[in-house]
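For reference, the structure is listed below as structure tokens.
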Amino acid sequence: MKRGISLLVLGLALASCGKGEDKQAPKGQVVATVDGKEITASELRMELQSAPSDPNLAAAAQSAALQGLVARKLLVAEAKRRELDKSPLAAMFRARAEEQAMVQLLQMNIASGVPKVSDDEVKDFVSSHPATFSQRRLISVDQLLVPKIDMKVVKQMEPLKTMPEIEALLNNNKVQFVRSAAVLDTLNLNPDVATKVASMGVDEILALPNGSGVQVARITSTRIEPLAGEESQRIARLLLMQQRGATQVRQAMEEIVKAGQSKVHINADYQAKKAPQAQPQPAAPGKTN
């Protein structure tokens, strides 16, 4: 409870920043200072990553990103005041963060070389995925959101036809879930999954991956909301570039790791252990092999 109150107080304190005239307020490419240290517009853009197209939403997102950046700077300063940055654990955290950053930069570098998608590819993609574009569907569902589930339980779910049966299965296996209503947009689904979902009718059950869990939904109604023209072309191009980029990055990184295996030497105590071979069982009394 104390943590929640502290965070709330911090949020209120940050929200109050900037009210009234501040004679020390920075200008130009410096968006804020924290204890005399500058936060630049470039840092804020990196924190924000992408902004909504709506101007009001974009302004709200920028404000939230700046508050988060300021909060992190203040918390880091406090950690340093307590000399936590001098601990061996801090050195390991710092090294891991640097490695993760370098891998992300490598991914971005590889993705920057992805060939552009041609207009013909975009047209073919739109025409071959009607469930995403010309026959795009908004599907109302009653759903069970399962944050974490064993794949064995998912397998047992496959032959079930009704939500009460699935609920009973989850309860019997002590699997937690939250019941809610939602609208699925086939535009937001993997195009191949969208095609399958679009073919389903009212009262049919579908299950979609949801992080380490699953989203189980019963269709209650569906309506077609076509996506056509320039908007369909734009989204198709974006989807194709994302697919192409992800494939190229994955393949390139797998090749890099494979090529570097000759430089890797692992302590025998940490080598992957082979599964023990099954020992032959003695014949039962009175029987011969």
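The values are calculated or read from the model by the stated rules, or taken from the named source; none is laboratory data. Note that the coordinates shown come from a computational prediction; the quantities given were computed from them, not determined experimentally. A quick note on method: Cβ atoms are made from the backbone with ideal geometry, for glycine too, and the neighbour counts reach across all protein chains shown.
Values computed for the structure shown
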{"read-out": "Residue, farthest from Glu254 (Cα to Cα), within the stretch 103-115, restricted to residues that are touching a residue at least 60 places away in the same chain (Cβ under 8 Å) and not in a helix (DSSP H, G or I)", "value": "Pro115"}
{"read-out": "Residue within the stretch 186-199 that is part of a helix (DSSP H, G or I), surrounded by 12 or more Cβ atoms within 10 Å (Cβ to Cβ), at pLDDT 90 or above and in the same structural domain as Leu105 (by TED's automatic domain parsing) present", "value": "no"}
{"read-out": "Single condition Ile110 does not satisfy, out of (1) in contact with a helix residue (DSSP H, G or I) (Cβ under 8 Å, 6 or more places away or on another chain); (2) not assigned by TED's automatic domain parsing to the domain that holds Leu240", "value": "(2)"}
{"read-out": "Residues satisfying the stated conditions in the stretch 130-146, i.e. assigned to a loop (DSSP other than H, G, I, E, B) and touching a Ser or Thr at 6+ places or on another chain (Cβ under 7 Å)", "value": "Ala131, Thr132, Phe133, Arg136"}
{"read-out": "Residues of the stretch 87-111 satisfying the condition of being within 19 Å of Ala236 (Cα to Cα) and loosely packed, with under 11 Cβ neighbours inside 10 Å", "value": "none"}
{"read-out": "Some residue of the stretch 152-175 being part of a strand (DSSP E or B) and at pLDDT 90 or above", "value": "no"}
